[in-house]
Amino acid sequence: MEPDRARQYGKIQDQAVRSAIMCSCRSRQTLKSRSRAAAGATGHRTSATDRRGNIRRDRRHVIAWRREPKHGIRWRTELHSYVIRKLETVERLSDLEKDMVASVCRDVKVVPRRQDIISDGDSPEHLHLLVDGWATRYKILKDGARRITAFMMPGDFCDLHATILCAMDHGIMAITDCKVAYVANEDIDRITRSSATLARAFWRATLVDEAVLRQWLVNSGRRVAVEAIAHLLCELHLRAQLVGLESRDRFNLPLTQEDLADATGLTTVHVNRMLQELRKQGLIEMDRGQLFIPHVAALRRACNFEDDYFHLKMSDEYPTDRPRHSRLAGERPDADSSGEIRFSPGRR
């Protein structure tokens, strides 16, 4: 081939490569613009983007997004929905207030199971919000005995009071692998100053936690063992229902018999006997970490469970099938003429 023809042939090849690259870039830009237009039309997308526009794939958790002129892009995820659902049990939130709650849950870290989220005596620099998994609030005595004072589910603040107290007087441990959002104190102050509704919701949620603790005191002091276990299971079932963890009458219960014993003040052997009695009565079924309650209303009647201490603001959206109790105060549940399951008197 002559030199002139060779140079001309090389130029043609270079032009063909450049045109192919340009077509590829244009097609990519067209696909991006079409996907953005489709996302804007439907209000949904399957990936989140950071400030620089880089795509982060998270198809499992990203649900919806919307653009606001003053606040930029906000999205709420399935993890954020737990805390929003809990707050809405005591106070109705607007879409803007839901976005404000989601905006403070940016720094999420994984805490392995049976590891401390916060230890006794710590002075946390951040608030800790449980967005996934189960945790427990506990205290260790000098003799090594442990007492559990609360079980925590997704949507619960671990230390909302830490902004006032100087140090933790108890520990918080992850029962399962947990995802914990580290929330700056300034962010909580900012959103509560911006919305009086959010301030009331946080305050009321704290008051409900204290009401639950009072019921635990009654469990430990006055209810017989089988009633105490049944009452605790009814409470956990209702809490799982409120935040969306419960599927009909079944939900995951990642608690050991030792956990239940430390929560009720019983021995592990006694807890095992009480669970066997509940199974024998046909009130519960447990299999591979799942709790199934065939008749929720029957279990609630048997242990005299009432959900008044949850102070549900949205009671119409969360039916509880609360029974009417006609028996006199001080009477022990027992079998009645209608054949309804009742617990016989027993010692703790």
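Quick note: the coordinates plus some simple rules give every number you see, no bench work behind them. Bear in mind that the values here come from a model prediction, so they are computed numbers and not experimental data. For neighbour counting, all protein chains shown are included, and Cβ atoms are generated from backbone atoms with ideal geometry for every residue, glycine included.
A few points about this structure:
- Neighbourhood net charge (9 Å Cβ-Cβ; Lys/Arg +1, Asp/Glu -1) for residue 294: -2
- When the Cα positions of 144, 119, 101 are compared along the charge dipole of the stretch 94-153, 144 comes out farthest toward the positive end, with charges on each C-beta of Lys, Arg, Asp and Glu.
- With the simple spin-label model, which puts each label point 7 Å out from Cα in the Cβ direction, the residue 109 to residue 140 separation comes to 1.9 nm.
- The distance between label points at residue 149 and residue 222 comes to 2.1 nm (points 7 Å beyond Cα on the Cα→Cβ vector).
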